[in-house]
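Novice: One structure, as C-alpha cells, below. Some questions next.
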Amino acid sequence: MTNETSHEPLPSKTVTNGPLLTEALRGGQMWSRVLRRGQRLTLTDVHGGASVAALFYNSELLTERYNMPDTLKAQHIARLTLGNSLFSDMGHVLCSIVEDSCGWHDTITGMMNAASSQQKFGQGGYQQLRNDFYRNSRDNFLTELGKYELGKRDIVANVNFFTKVAVDAEGNLKFVADNSKAGNRITLRADMNTLFVLSNTPHPLDPKTEYAPPTVELQLAAGEPAAPVDVCRNQCEQSGRAFALNDQYFL
C-alpha cells in the first residue's frame, strides 16, 4: 500500500432521508471505516455502561495518527467532551466532538490486552466459547489495522469513549462505574479524511469480572467541514490554528 495519495477532498454523498449507515457494534466487536471530511459518526450507548476504545489515522498518510499528549496539552484538558478536538502528531485535527450527552471520555488509561483480559475474566478462548470468545482491545485493534497494512508499531495511546476515570490528589485512578447512561451519545465529525478504528471491549480499570460489554449503536451521516464559526474551531487558540492548518491542507 502506498501513502502517496492526493489529499483532494473526496466527493460528498448527498443524504435526503436519514443516515448513510446505522449498525450495531456488539460486545467484543471491532469496526473500522474511512470517514470523508465533514462526515459524522454518532455512537450511542444503548444500555448504559459502554466503553469503546478508539484510534484515528489520516487515511491518506497513515503514518499521521492521533496524538494524545498534543490533544491534551493544546486544549488544557485531561478528558474529552463537546467542543474538543483530537489532534494528530502533525498538528491537524483528525476529528472533533460536535455533540456529547455523556460529558466525559477517558484519554489516559489505555487498553486491555490478552493477558490482562485472561487475568480478569478467566479462560475465554475460541476453543471453549466459539464466536462468544473474550476479545480484548489490543488484539481487536491489530486485526483491524492489518486491513490497512498497519501493525503493532502503529498502535498509540487510545481514547475510551463513554468512560470516566477520576484522579485523586495523590494521583490514584478510580473507574467511575455510572458515567454513561442508556441513551448517551457522542457525535464525532471527521475533519480530515480519517480512518476510525473502534473496539467495543472492556476498559482495563472496569472492576466487573463478567465479560459482558454492552451493545453500542453506530450511525454515519453526511455533513460539512467546520465553518469559520464553530464550537470546536473556536474552543481555544491552538484549536483555531489546527483547523487553519486543515483548511490549507485541502486547498
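Novice: Any residue at all in the range 55-72 that's of a type in the set (Ser, Thr, Tyr), in contact with a His (Cβ under 8 Å, 6 or more places away or on another chain) and under 23 Å from GLN235 (Cβ atoms)?
Specialist: No.
Novice: Another question about this same structure. If you scan the range 39-64, which residues turn out to be in contact with a strand residue (DSSP E or B) (Cβ under 6 Å, 6 or more places away or on another chain) and part of a loop (DSSP other than H, G, I, E, B)?
Specialist: The answer is GLN39, VAL46, ALA50, SER51, SER59, GLU64.
Novice: While we're on this one: For the range 124-140, state whether one or more residues are in contact with an Asp or Glu (Cβ under 8 Å, 6 or more places away or on another chain) and under 17 Å from LEU198 (Cβ atoms).
Specialist: no
Novice: Taking only pairs six or more apart or across chains, which ones have beta-carbon atoms under 8 Å, a first residue in the range 207-218 that is over 12 Å from ASN184 (Cα atoms) and exposed (fewer than 15 other Cβ atoms within 10 Å of the Cβ), and a second residue that is at pLDDT 95 or above and basic (Lys, Arg)?
Specialist: THR209/LYS120
Novice: Now a separate question. Please work out which residue is nearest to THR42 (Cα to Cα), limiting yourself to the range 114-142 and to residues that are small (Gly, Ala, Ser) and part of a helix (DSSP H, G or I).
Specialist: SER137
Novice: Also: Can you pull out the residues in the range 143-196 that are basic (Lys, Arg), more than 30 Å from PHE250 (Cβ to Cβ) and assigned to a strand (DSSP E or B)?
Specialist: Hits for the range 143-196 are LYS164, LYS174.
Novice: Okay, moving on. Would you pick out the residues in the range 127-157 that are crowded, with 16+ Cβ neighbours inside 10 Å, of a type in the set (S, T, N, Q) and either without any contact (Cβ under 8 Å) to a residue 24 or more places away in the chain or out of contact with any helix residue (DSSP H, G or I) (no Cβ under 7 Å at 6 or more places or on another chain) (or both)?
Specialist: SER137, ASN140
Novice: I would also like to ask the following. Report yes if some residue within the range 109-126 is of a type in the set (Ser, Thr, Tyr), surrounded by 15 or more Cβ atoms within 10 Å (Cβ to Cβ) and under 30 Å from LEU35 (Cα atoms); otherwise report no.
Specialist: yes
Novice: Next up: Within the group ARG233, ARG189, which residue is closer than 29 Å to GLY91 by Cα, buried (at least 18 other Cβ atoms within 10 Å of the Cβ) and in contact with a Lys or Arg (Cβ under 8 Å, 6 or more places away or on another chain)?
Specialist: ARG189
Novice: From LEU35, LEU72, LEU41, which residue is hydrophobic (A, V, I, L, M, F, W, C) and without any contact (Cβ under 8 Å) to a residue 40 or more places away in the chain?
Specialist: Details: LEU35 fails: without any contact (Cβ under 8 Å) to a residue 40 or more places away in the chain; LEU41 fails: without any contact (Cβ under 8 Å) to a residue 40 or more places away in the chain.
Matching residue, one of LEU35, LEU72, LEU41: LEU72.
The values are calculated or read from the model by the stated rules, or taken from the named source; none is laboratory data. Since the structure is predicted, the reported quantities are computational estimates derived from the model, not experimental observations. Backbone-built Cβ (ideal geometry, glycine too); neighbour counts: all protein chains shown.
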